1. Can you tell me which of (1) under 21 Å from residue 227 (Cβ atoms); (2) touching a helix residue (DSSP H, G or I) at 6+ places or on another chain (Cβ under 8 Å); (3) assigned to a helix (DSSP H, G or I) is the one residue 147 doesn't meet?
2. Would it be correct to say that residue 24 is in contact with a strand residue (DSSP E or B) (Cβ under 9 Å, 6 or more places away or on another chain) and surrounded by fewer than 17 Cβ atoms within 10 Å (Cβ to Cβ)?
3. Starting from the stretch 37-66, keep only residues that are under 18 Å from residue 106 (Cβ atoms) and in the same structural domain as residue 17 (by TED's automatic domain parsing), then list their pairs with residues that are assigned to a strand (DSSP E or B) and at pLDDT 95 or above whose Cβ atoms are within a distance under 6 Å, requiring at least 6 positions of separation or different chains.
4. Only one residue in 165, 173, 159, 139 is part of a strand (DSSP E or B) and either farther than 30 Å from residue 24 by Cα or assigned by TED's automatic domain parsing to the domain that holds residue 41 (or both). Which one?
5. Would you confirm whether any residue within the stretch 40-50 is part of a helix (DSSP H, G or I) and modelled with pLDDT of 95 or more?
6. Scan the stretch 192-207 and give yes if some residue there is assigned to a strand (DSSP E or B), modelled with pLDDT of 95 or more and assigned by TED's automatic domain parsing to the domain that holds residue 157, otherwise no.
């Protein structure tokens, strides 16, 4: 099955066509045995593998494991996970699982679940046929830096707000809530759809930055920079 998504950006139409993975995917014996320690697993993957989950679901059910999933807020279909779904409510899950099972390679997407859900994630790589276990320890350094950046924001008087107008990332209206919540701070709004963190150094009068674009910028991307950046949602809690 091919999913087509049509969007309009300004005066230009975009058509997104999913590139689906063609090979069958099934869990190896070691991964399946590990999954048996849980009664309920929430199953997610990236879009290219979302049409290849039937065998895995059958394996889990035969092992008496309840499989649940959802269609996250920004996703196009069930099982699909996006890297920006780092809020607890983003997944739209009706039932709380014991852990998560993510099918796919790389760490970008499965770390999304750690950020938001704070539960163990079993990642199965369909290419290497091996699994990896992810926990809060894998983002411990990032969480510490995020906490330090929040403290920096609270003690800063001049704040820069990074705004994007990309579909799914627009938070300009919401970012204006900062003016009401922190009337003693001075805010400057910066709009750029292709954010280069190196360019932030061109504005040395900014004491701290608030990211109102992709939330992973203030988590993963900022690790190699000393510039303090905090996500908008973390500030407005």
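1. For residue 147, the exception is condition (2).
2. Details: in contact with a strand residue (DSSP E or B) (Cβ under 9 Å, 6 or more places away or on another chain): no; surrounded by fewer than 17 Cβ atoms within 10 Å (Cβ to Cβ): yes.
For residue 24, the condition - in contact with a strand residue (DSSP E or B) (Cβ under 9 Å, 6 or more places away or on another chain) and surrounded by fewer than 17 Cβ atoms within 10 Å (Cβ to Cβ) - is not met.
3. 43/67; 43/101; 44/102; 45/103; 49/103
4. Numbers: 165 fails: part of a strand (DSSP E or B); 173 fails: part of a strand (DSSP E or B); 139 fails: part of a strand (DSSP E or B).
Exactly one of 165, 173, 159, 139 is part of a strand (DSSP E or B) and either farther than 30 Å from residue 24 by Cα or assigned by TED's automatic domain parsing to the domain that holds residue 41 (or both), namely 159.
5. Going through the stretch 40-50, the residues part of a helix (DSSP H, G or I) turn out to be 47-49.
From what is left, the residues that are modelled with pLDDT of 95 or more are none.
Among the residues of the stretch 40-50, not one is part of a helix (DSSP H, G or I) and modelled with pLDDT of 95 or more, which makes the answer no.
6. The first filter runs over the stretch 192-207 and keeps only residues assigned to a strand (DSSP E or B), leaving none.
There is no residue in the stretch 192-207 that is assigned to a strand (DSSP E or B), modelled with pLDDT of 95 or more and assigned by TED's automatic domain parsing to the domain that holds residue 157.
Quick grid of which residues meet (1) modelled with pLDDT under 95; (2) crowded, with 21+ Cβ neighbours inside 10 Å; (3) not assigned by TED's automatic domain parsing to the domain that holds residue 69:
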{"site": "96", "(1), (2), (3)": "yes, no, no"}
{"site": "103", "(1), (2), (3)": "no, yes, no"}
{"site": "109", "(1), (2), (3)": "yes, yes, no"}
{"site": "113", "(1), (2), (3)": "yes, yes, no"}
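Conditions tested, residue by residue: (1) more than 24 Å from residue 109 (Cα to Cα); (2) surrounded by fewer than 18 Cβ atoms within 10 Å (Cβ to Cβ).
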residue: 163; (1), (2): no, no
residue: 181; (1), (2): yes, yes
residue: 189; (1), (2): yes, yes
residue: 209; (1), (2): yes, no
residue: 216; (1), (2): no, no
residue: 226; (1), (2): yes, yes
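The values are calculated or read from the model by the stated rules, or taken from the named source; none is laboratory data. Note that the structure is a prediction, hence the values are computed from the model and not measured. Don't worry about glycine lacking a Cβ; one is built from the backbone with ideal geometry, like all the others, and counts go over all protein chains shown.
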